[in-house]
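Since the structure comes first, as structure tokens, the remarks are kept for the end.
Nothing in this text is a laboratory measurement; each read-out follows from the coordinates by a stated rule. The model shown is predicted, which means the values in this text are computed figures rather than measured ones. Backbone-built Cβ (ideal geometry, glycine too); neighbour counts: all protein chains shown.
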Amino acid sequence: MGKKVISITLIALIVLIGTTANFAYSQEMSHATFQETAQIIIDKSISQNVTASITLQTTSIQEIKIPAELEQKIREDIRIKAIIFTNQDQCILGVIDESCIMINVTRNPDDKGIRAIQDSIKEISKLYIDEINQAFDTNAEFHSVFVHSDDQSNEALETSGIISGRGMISAVYTLPMEDTTSMYEKISGILLPKIIRDGGGFYDVAKKLSSDENAKMTFSWIPLDSKSLLQLKLSVDYPNEASTISEVSPLEFLKVENIKRSDYFNSGFYPLNSIIQVAVLSSENTNFSDVNGNIIPTQTIDNEEMPLEITKEGWVFDPKEGQRIQGKYIFGEKTTVTNQELKFSLGGENLQIEKQESDESIIVVIIITIVAIAAAMFYLKGYKK
């Protein structure tokens, strides 16, 4: 199942849990490599859109099934930075009504001129495209080499710079556009093992959401030093809905009344492997208020708010006011939360959040909540730390 004892890594997004010495956890806390995240992005600043998404993520090729030999070859080729398979509209300029497989490669300094750059990138991609097509059960054909000169594609794909930022070069392969419902069902059937698909949870929400007319799917494969970060994302845009929102009902955008954690985590206590995340971008200062559910007491560590307890369900808001605010809901020992429990307002009276100063009596436990900071911010359109 890819479960592992709590570990520490420099690139981890960490949550620090403080507790007094006489506190005992009801269960031993663990962390699994598989992560399910629901995200709601309310962009009152630029696009005025609301984007709802479900991301399933792991660094284990047993939990998202990539051929081991191909995964190793991709990871050992230091010029390959990412592989993306998506049906997002216009994955790059010039691609219309087609799905894309993009192989993102760094430039060889010895390549002089655009023709040399294009030839070099094409030759590298040709080494892998047949096996990638086989892994995805696709027949994508070469379209072009695209040099990303700005963040236009980044914004369209709602991704970070490693996917489509300035200076990245993509070998682009295209295939006929497929509706998101059948595409998500096919790809999740190929990539996700039966135990995860049968476990339901956020996967079931994504599967249902895939039938929305604005739903899009993106699979991202990012090679790291000793493993690969694998992410399957289903997202839906709600155009021009952000500006009128004063009360937030997160699950309405996911079209469910409640959301359940995956049964994949039933064998132990994995409180930080299922996260609901809401980010609000505003051109003016705003804040969270009138929260229906629990607010978890926090302490400030390195200018970040960290929860003091993870056996209790509730929100951690950080920052809770400003032009970019964010809330993360953790389930604690619960397995299900309703939309009514998750509701809150924007504006209004500022939240008074209980805090505790750090002192020597606090036992500090550091837990990985998402594999990497880059991964945590990866799919927050326009949201940059």
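With neighbours defined as other Cβ atoms within 10 Å of a residue's Cβ, the residues Cys91, Cys100 order from fewest to most as Cys100, Cys91.
Within the shell of other residues whose beta carbon sits under 11 angstrom from the beta carbon of Gln323, the net charge comes to 0, with Lys and Arg scored +1 and Asp and Glu -1. Put simply, the amide H of Ser144, placed in the peptide plane, has neighbours under 5 Å in Val172, leaving out anything fewer than 5 places away on its chain. Annotation: amide H-H contacts under 5 Å for Glu178 (H modelled 1.01 Å from N, sequence separation of 5 or more, or interchain): Ser99.
Taking Cβ atoms as reference points and 10 Å as the exclusive limit, the residues near Asn287 contribute a net charge of -1, counting Lys and Arg as +1 and Asp and Glu as -1.
Length gained on full extension, Thr300 to Ser45, computed as 0.36 nm times the residue gap minus the Cα-Cα distance: 89.0 nm.
Residues Arg79, Arg115, arranged from fewest to most other Cβ atoms within 10 angstrom of their Cβ, appear as Arg115, Arg79.
Amide H contacts of Lys65 (H built 1.01 Å from N, in plane; Pro and chain starts excluded): Leu192 sit under 5 Å, all sequence-distant by 5 or more or on other chains. Panel order for Tyr128, Tyr173, by other beta carbons found within 10 Å of each beta carbon, from fewest to most: Tyr128, Tyr173. Using the Karplus relation 6.51 cos²θ - 1.76 cosθ + 1.60 with θ = phi - 60°, the per-residue 3J(HN,Hα) values for region 68-74 come to 4, 5, 5, 4, 5, 5, 5 Hz, with x marking Gly and Pro.
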